[in-house]
Amino acid sequence: MSNNRVSRRQFLGYTLTGVGGFMAAGMLMPMVRFAVDPVLQQKDGGDFVLTDQRAEDITEEPVRVDFTFEQTDAWYVSEVTNSAWVYREGDKLIALSPVCKHLGCTVNWAGDPEHPTQFFCPCHAGRYEKNGQNIAGTPPLGPLDEYLVEEQDGYVAIGAVRPNTLV
Amino acid sequence: MHFIGKDMDQYLSQKDYVDTAVVPLLQLDLSEAGLKSSAGASEYLQSLTALLEKQFKGRILLFPPVAYAKSTDRLRLSNELSIEMKKADFKHVFYMTTDAEWRSVEELKNVLWLPAIPTEHMDRNFKQSVMEDQLRQVLPLFLKEWS
Ligand code: FES
């Protein structure tokens, strides 16, 4: 009989250690998350992402601007492309999130021919004014979120998302 | 929405709005000749359905791809899937696939068949624009079904 055969008692011992380990991990996990989370959030939200949209080409008519960044989802790092609706108001750039505040579909500027100066959500016909204000009587209950936005060397750069400050 | 735990609470409370299921059908061909293109098709199908989910997040529930062997009886699979799908009360169920064999299975309704485009050698921007082009072909089919 070989020496490294696991006896029944040993096996039970290993198993119990395993379970104990799990339990310890279960107790530790919330604490670790608590300690780590705020740091991660700051890192994700702080930076501006440079796009290839020239700032001088932005007019009063919202256009879709894509921006790509790396996202870490647990251990899995992936590249994510998001977009913003960007337009000019006076000498200021405005960037709105395309994520519908009802259930999260992507809204389109002038997506409904009957409302050419509004954002339209194709999922349940939600509508928003140009500044993101949701239109009463349509499903969304709040205005579109807003991105921090700035001009960097003539190009549009998109920053962190925050609640709408225009309405 | 995705078929993940986190999205299910929202799905369950918003069932009236999330009325459409999307089920990718994915053929596995692991033969030496088929492996590469099978993997490419898988990549294509998953990129496309992920984009679709992003566009219609609040109205569709995207299921993980149903993967089956090349020799699988499509008719039987489609019957089993339909029965399972009926247990949830979706108003619309779409199946999306690159597998041409589904074109002869008439029992299954709303199968969107798309020929896979190999995207592995494309750079990021080009791939993105190709996939969005593909998405634009699919969107009207959904809007039509919903209207
Ligand atoms: S998700 Fe936009 S209206 Fe419902």
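The values are calculated or read from the model by the stated rules, or taken from the named source; none is laboratory data. This is a predicted model, so every value here is computed, not measured. Using ideal geometry, Cβ is built from the backbone for each residue, glycine included, and neighbour counts are taken over all protein chains shown. These area figures cover heavy atoms from the full protein model, side chains too; ligands, DNA and RNA do not enter into them. Shrake-Rupley method; radii C 1.70, N 1.55, O 1.52, S 1.80 Å.
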Ignoring ligands, DNA and RNA and using a 1.4 Å probe, state the total buried accessible area between B and A in Å², rounded to the nearest 100.
-> 1300
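With an 8 Å Cα cut-off and a minimum separation of 6 or more residues, compute the relative contact order for chain B in percent.
On the way: 182 pairs, mean separation 44.9, N = 147.
Computed over chain B, the figure is 31 percent.
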Rounded accessible area of B:Arg124 (nearest 10 Å², 1.4 Å probe) | 110
Whole-Å distance, taken between Cα centres, linking region B:63-128 and region A:98-167 = 32
The ratio Rg/Rh over the Cα atoms of region B:33-113, Rh being the Kirkwood inverse mean 1/r radius, stands at 0.96
So the pair-distance distribution of region B:84-144, from every Cα-Cα distance in 5 Å bins, comes to percents of 4, 14, 20, 19, 19, 12, 7, 4, 0
For A:Lys92, go through the aspartates and glutamates and keep the ones whose alpha-carbon is under 16 Å away, minus same-chain ones fewer than eight residues off.
-> A:Glu56, A:Asp57, A:Glu60, A:Glu61, A:Glu146, A:Glu150, A:Glu151, A:Asp153
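Around B:Lys91, what is the net charge, scoring Lys/Arg as +1 and Asp/Glu as -1 over all other residues with Cβ under 15 Å from its Cβ?
Values: positive: B:Lys15, B:Arg59, B:Lys86, B:Lys87, B:Lys109, B:Lys144; negative: B:Asp16, B:Asp19, B:Asp89, B:Glu145.
My count for the surroundings of B:Lys91 gives +2.
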Would you calculate, for chain B, the mean residue ellipticity at 222 nm contributed by helices, counting each DSSP H stretch of 4 or more residues as -39,500 (n - 2.57) and dividing by all residues, to the nearest 500?
-> -15000 deg cm²/dmol
Shielding by partners, peptide B:49-57 (average Cβ within 10 angstrom, other chains) | 4
Ignoring ligands and nucleic acids, what accessible area does A:Ile135 show with a 1.4 Å probe (Å², nearest 10)?
-> 30
Would you work out if chain B is rounded, prolate or oblate? Take a ≥ b ≥ c from the square roots of the eigenvalues of the alpha-carbon gyration tensor; rounded if a/c is under 1.5, else prolate when a/b is larger than b/c, oblate otherwise.
-> oblate
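Could you give the size of the charge dipole of the protein assembly as shown about its Cα centre, using +1 on the Cβ of each K and R and -1 on the Cβ of each D and E, expressed in debye and rounded to the nearest 20? Walk me through the numbers on the way to the answer.
Values: 31 positive and 43 negative charges, 315 e Å.
Charge dipole, the protein assembly as shown, about its Cα centre: 1520 debye, nearest 20.
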Cα→Cβ-extended label distance, 7 Å offset, between B:Lys87 and B:Trp113, nm | 2.9
List the aspartates and glutamates whose Cα lies under 15 Å from the Cα of B:Lys57, skipping any in the same chain that are fewer than 8 positions away.
-> B:Asp7, B:Asp9, B:Asp16, B:Asp19
Gyration tensor (alpha-carbon) shape descriptor, region A:55-167, a/c threshold 1.5 = oblate
Would you mind getting me the FRET efficiency between B:Arg76 and B:Asp123? Use the beta-carbon distance for r and R0 = 30 Å, nearest 0.05.
-> 0.15
Tensor-based shape of the protein assembly as shown (alpha-carbon gyration tensor, a/c under 1.5 rounded, otherwise prolate or oblate) | oblate
Report B:Lys109's accessible area, 1.4 Å probe, all protein chains in place, as a number in Å² to the nearest 10.
-> 140
Note down the nm distance, to one decimal, between modelled labels 7 Å out along Cα→Cβ at A:Val80 and at B:Arg103.
-> 3.8
